[in-house]
Structure formats: C-alpha cells, structure tokens
Amino acid sequence: MKILVLGGDGFCGWPCSLRLSARGHDVVIVDNLSRRSIDEELGCQSLTPIVSLPERLAAWRETSSRSIHFTHLDIAQDYDGLLRLIDAQAPDAIVHFAEQRSAPYSMKSSSHKRYTIDNNVRATHNLLAATVESGRDIHIVHLGTMGVYGYHTPGLQLPEGYVRAQLVDSRGTAVESEILFPTNPGSIYHLTKAQDQLLFAYYAKNDGLRITDLHQGIVWGTQTDETAYDDRLINRFDYDGDYGTVLNRFLVQAALGLPLSVHGTGGQTRAFIHLRDSVRCIELALDHAPMRGDRVAIFNQMTETHRVRDLAAIVARLTGATIAYQANPRNEAESNELEVENASMVGFGLEPTTLSGALLDEVTSIAGRYAHRCDASKVPCLSRWTRESLADPDLNLLATKHGMAA
Ligand SMILES: NC(=O)c1ccc[n+]([C@@H]2O[C@H](COP(=O)([O-])OP(=O)(O)OC[C@H]3O[C@@H](n4cnc5c(N)ncnc54)[C@H](O)[C@@H]3O)[C@@H](O)[C@H]2O)c1
C-alpha cells in the first residue's frame, strides 16, 4: 500500500512509519516538526538522543535498504498543500497522528489552549475535506484517545465507541438507539479528540469516507524492533511535566534517585499499551478497513489498566525508589474505576505486551542508560487546570521550588 503518515516524526508516528516500511509498504512521512519546536519552547529535549529527521531517514535507508520520503507540511495551515500532496501521492491509506497531544501543554495558558484547538481541529478537518475534494477512496486511520470517554464511567465496561441507549420521549415512551458513547473530555487536548470524533461521524455519513478511530490508552515503552536496529533510529522518550507520561516520569525519577511524584491520592486509573502493541494495532487497523458507507470503525487500543499509585509501587519495587505524594494540578476525581473492552484488536490477533513482562528493560536500557541527559527541574507538571488552582499553596510551593512563576 501507499501510506501517508501524518505526524511521522513523533513518538508514535516514527516507529509506525518504520514498521510499515519494513512490511513493504510505500511510506511518506508528513510533518511540520512542531513537536521539535515545542522542545525548544519548553527548554527540554527527549531523554533519548534523537537525530534530525533527514538523518533518521538516511539511517533507515542504510540499515533496511528501504526509502521513506518526507514532506514538510503543516496540515492545519496549508490546506492546498495537503490536497496537492494527496493528489500527487494517491495514497491507499493515511494514518493521522499530527496533533498536539499533551493535556498539560494544552492547559498551560489561553494561548496554548487556542493553539491546541486550532491545530488539532483544523488538522483533522483539513484532512477530511481534502480527502473528499481529491475524490479518492482513502482509508483514514486516526489516533484518538481513551480520554474521550472521560474517567467517570457509570459502573460499566467502556464499549468500543458505541453504546446501546434508551432515549425517553416527552410521553415517557422509550426509544432504543445505538449512539456514540457520550464524551466527557478532561482537558482542552481531550476536547479536540471529542471534536474529531464528531467530524469523523459526519464525514462517514455524508461523504462515505472510510475511517477508523483508535481510542488509544497511554503509550509506554520506547523502542520497537525497527527503532532498535541502529542508535540513529532511536525513538523519542519524553519525561518533562508536559509531555512525559506518568510512567516515563517515574522511570527517570527512579534513575536519578528522586522520589516518584504521585499526584493526589494516586487512585486515578488509566489505560496503557506498549509502543510495540500500538504499532501492531495500526497494522491491524489497516488490514481491517471499513467498507464505504460503514459507520466509523472505533476500536479501543489498550491492553491493561493500572492505578497511578500501583504503577509507582511497581517502579519502586524494581528500582528501590521511594514515593512522594503531591498536590494534583489536574481537575479530576481522586480515584476512579476503569474497565475497558478491547475485544476487537485481540480478535484481530494482538498479543499484548504486559507491564510486568517488559518494564525492567525500560528501566535499564532507556532510563538508566540516558539518565545523565535528564534535567530534573523539568519533571514536575506545573500546568494548572482551573483559575482556583492558581491560588493553591501546595502547587505554588512546587512551582517556586522549580523556579517557575505561580
Ligand atoms: N503518546 C501517547 O501516549 C498517546 C496516547 C493516546 C493517543 N495518542 C495520540 O497519538 C498521536 C501521536 O502522539 P505522539 O505521542 O506520537 O505525539 P507527538 O507529539 O510525539 O507526535 C505528533 C507529531 O505530529 C506533528 N504535528 C503536529 N501538528 C501538526 C500539523 N499541524 N501538521 C503536521 N504535523 C504536525 C508533530 O510535529 C509531531 O511530530 C496524537 O494524535 C495523540 O493524541 C498518543
């Protein structure tokens, strides 16, 4: 297949591009390199030393004898460029990773909120409008998030996108219906993914676009078989308070001999998936495309759930680190249950990599090996979710300690 990978220089997009190329697909990476500019803005680099995209691509050519092409394009800003690219490349499928993906970054200030909405909603809508205008039958695979559902579930297993519901009319008569599971986004970033979901439903219904939306859990792990071929292919590892996910921050804190910082009670339960499985799920989604006229195919792309304090306990056991509880900058429940259906991907053939099976490798080969590159002052999450939290003395103390204005 000819496949465009939008956001192919990022944490998920890079290993996905390599895997698809290794499987014999003709891959074109499209990226505006905004994630690298955000590294500059935040004054923090990936823990792993990632080289420039042209160097990455040259290393892939050398090690695999296969070529991946690159187009530098902002898909949110340059609609005509995107349409020209689709016309010129005539792809069979487009994998869409190209969005601002950090919840804390999206909550930093009104300018970060506006950037995240503008970038993500426009990027997705431009892609859909350009696909229709091109007149081509392209399978679009989008990376969404489990956070679209919110984390206050009414005691049921989260279904894969759709739920049977009884709607009651004004005469009290119940009407059976199957609807999109109601969204409950917990940040501006998650709100953009909820908007994406409606855009997809509309374009599948109105224009017959073939779309798969993958509601992905938190991705952990750094390397895949392909990124491990050569040091120049190494994948990004974010550990800072904005882009570093909870497990990555625990891993670097342990490697530096710092306590693992748990926000609030640590009773928050989240869904996780290893990077290798995330890449595998995209292959599986490409192999199981919906038909023209089908509704959007929505799959939950996760393999296990963990409470944050249990994750901290696992990392503490593996490394001997201590645990420190801190004020929670997020506006969220202190604890939640999370049960998620993931039958589709397992049915397609996914064999999950578990935390218990693969975490030790991450501790030694990534966090331990590159700990000397870590700037410990970047680890705490200092974004505030609400105006009230700007006055929280515990959060202000944390911000002052790390040299940040409250
Ligand atoms: N990393 C996770 O744990 C996780 C979990 C759930 C869902 N996702 C989703 O997967 C996707 C990829 O996540 P990631 O962790 O690889 O993020 P990332 O920030 O590492 O990668 C995103 C890439 O898209 C590019 N990009 C952003 N806006 C663009 C634009 N307007 N035009 C062109 N390129 C643009 C960036 O430069 C970057 O290379 C995101 O949509 C994210 O919401 C990620």
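No lab work stands behind these numbers, since they all come straight from the coordinates. Keep in mind the model is a prediction, meaning the values are calculated, not measured. Cβ sites come from the backbone with ideal geometry, for glycine too, and all protein chains shown count toward neighbours.
What to note about this one:
- Distance between modelled label sites at Ser52 and Ser177, nm, 7 Å Cα→Cβ extension: 5.4 nm
- Whether the stretch 260-370 is rounded, prolate or oblate, judged on the alpha carbon gyration tensor where a/c under 1.5 counts as rounded: oblate
- Placing +1 on the Cβ of every Lys and Arg and -1 on the Cβ of every Asp and Glu, with no other charges, gives the chain a dipole of roughly 480 debye about its Cα centre.
- Label-to-label distance, His152 versus Ala316, with points set 7 angstrom from Cα along the beta-carbon direction: 2.9 nm.
- In this label model, Ser37 and Ala333 are separated by 3.9 nm, measuring between points 7 Å along each Cα→Cβ vector.
- When the alpha carbon coordinates of the chain are projected onto the principal axes, the ranges are 68, 55, 40 Å, largest first.
- Computed extension length for Arg292-Thr63: 78.6 nm, one decimal, from 0.36 nm per residue of separation with the Cα-Cα distance subtracted.
- When only alpha carbons are used to place a centre, the stretch 86-101 and the stretch 217-240 end up 22 Å from one another.
- Spin-label zone in the stretch 347-379 - amide nitrogen under 19 Å from a point set 7 Å from the Cα of Arg23 along the C-beta vector: 347-353
- Straight Cα distances below 19 angstrom link Lys205 to the lysines Lys193, with same-chain residues fewer than 8 positions distant left out.
- About the Cα centre, charge dipole magnitude for the stretch 268-329 (Lys/Arg +1, Asp/Glu -1 at Cβ), debye: 200 debye
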